[in-house]
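Remarks on the structure that follows.
Throughout, read-outs are computed from the coordinates displayed, never taken from laboratory work. The model shown is predicted, which means the values in this text are computed figures rather than measured ones. Heads up, the Cβs are rebuilt from the backbone with ideal geometry, glycines too, and the neighbour counts pull from every protein chain shown.
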Amino acid sequence: MAKYAIAFITPSEKMQLRHKIVEGENKEAVLRQFFGEHASEFYSESEKGFLYFKEDFYDESCAAGSIIELG
């Protein structure tokens, strides 16, 4: 399994950075895991909430998250 470094700036008043190294089969799987463990409190816990979270990683104008494959 590949390892990914995920960093995410929470959409809260205090703007906290959450960073974690996660192992998984692919980016989708590790983003889902990270979402469930560290970000679902800021989105609805539905599939739609996950899609908004995932979108925040790929917004070229102001991405709130970053994911890098480590190997």
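Short-range pairs are left out: with C-alpha atoms under 8 Å and at least six residues apart, the relative contact order of the chain is 40 percent.
Distance between the pseudo-spin-label points of E37 and E13 (7 Å out from Cα toward the beta carbon): 2.9 nm.
Assuming a strict under-16 Å limit between Cα atoms, what lysine pair count do you get for the chain once near-sequence pairs (fewer than 8 apart, same chain) are dropped?
Numbers: K3/K20; K3/K27; K20/K54; K27/K54.
Lysine pair count for the chain: 4.
With neighbours defined as other Cβ atoms within 10 Å of a residue's Cβ, the residues Y43, Y4, Y58 order from fewest to most as Y58, Y43, Y4.
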